[in-house]
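These notes concern the structure reproduced below.
Values in this text are rule-based calculations from the coordinates and carry no lab data. Fair warning: this is a prediction, and the values are worked out from it, not measured in the lab. Please note: Cβ atoms are built from the backbone with ideal geometry, for glycine as well, and neighbour counts cover all protein chains shown.
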Amino acid sequence: KYVFEVMTAILSGQGNRLFQELRDKKGLAYYVGTSTILGLETGSYLFYIGTTPDKITEAKAGFWTEIERLKTDPVTPAELERAKKSLIGQKEIRLQTNSEQAFSAGLDEIYGLGYDNLDKYAAAIEKVSADDILRIARDNFQRQNSVTVLVEPPKE
């Protein structure tokens, strides 16, 4: 869970890896990012991009280039540190309300992490290493285990 969260923070958002590579450098995206969907048994990790119909093939190839890079090249210490600080700060801001504390504690209990996981979050995020990201990416991001969903505007 924590490795995927750090990976998402490294890959998504303005100025982060996918944004820089696929949007800024290659001009393939209006928006681009990743997202984690937790599940009680199996979850999902999503890569998404908003592009034009003429750039779909190049955008998909660009994703796989970045996925392969994630599996072979360790993330930089700067990327890792920025992601961790961002996640911990965002969590602290969200937990300022009683309702968010209750919601987070409830979900953590359902996922088997314990209702008191809120107090352990920062330490768990801090433990994530570049090697963890390499390992998780290698173990989980295989073409044969992926599904591509393409949503196009209606043809006239």
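The P(r) of segment 1-150 has a tail past 19 Å containing 57 percent of all C-alpha pairs.
Here LYS127 is the anchor, and the aspartates and glutamates within straight C-alpha reach of less than 15 Å, apart from those fewer than 8 places off in the same chain, are GLU5, GLU79, GLU81, ASP119.
Can you order the peptides 21-28, 36-43, 114-121 by their average number of other Cβ atoms within 10 Å per residue, highest first?
Values: 21-28: 16.8, 36-43: 9.6, 114-121: 13.9.
Ranked from most to least packed, the peptides come out as 21-28, 114-121, 36-43.
Using the Cα centre of the chain as the reference point, and only Cβ charges (+1 on K/R, -1 on D/E), how large is the resulting charge dipole? Debye, rounded to the nearest 20. The partial results should precede the final answer.
On the way: 20 positive and 23 negative charges, 81 e Å.
The calculated dipole for the chain is roughly 400 debye.
Could you give the size of the charge dipole of segment 50-91 about its Cα centre, using +1 on the Cβ of each K and R and -1 on the Cβ of each D and E, expressed in debye and rounded to the nearest 20?
Values: 8 positive and 7 negative charges, 59 e Å.
It works out to roughly 280 debye.
Distance from the alpha carbon centroid of segment 135-156 to that of segment 88-133 works out to 28 angstrom.
Hey, which of these cross-link pairs are over 22 Å Cα-Cα: LYS71/LYS91; LYS91/LYS120; LYS25/LYS85? Please report the intermediate quantities before stating the final value.
Numbers: LYS71/LYS91 27 Å; LYS91/LYS120 12 Å; LYS25/LYS85 26 Å.
LYS71/LYS91; LYS25/LYS85, as the Cα separations exceed 22 Å there.
Taking the average, over residues, of other Cβ atoms within 10 Å as the packing measure, peptides 6-16, 96-106, 138-148, 67-77 rank 6-16, 67-77, 96-106, 138-148 from highest down.
Across the options VAL75, THR65, PHE4, the greatest Cα extent toward the positive end of the charge dipole of the chain (unit charges at beta carbon of Lys, Arg, Asp, Glu) belongs to THR65.
If each residue of separation counts as 0.36 nm, what is the full-extension length gain between ASN98 and LEU118 once their alpha-carbon separation is subtracted?
Additional length available on full extension: 6.0 nm.
Residues of segment 38-78 with amide nitrogen under 11 Å from the 7 Å Cα-to-Cβ point of ARG143? Counting only backbone N, you get 61, 64-65. Multiplying the residue separation of SER129 and LYS91 by 0.36 nm and removing their Cα-Cα distance gives an extension gain of 11.8 nm.
Put a dot 7 Å past the Cα of TRP64, heading toward its Cβ, do the same for TYR30, and the two dots end up 2.6 nm apart. Contact order for the chain, expressed relative to its length and based on alpha carbon pairs under 8 Å spaced 6+ residues apart, stands at 25 percent.
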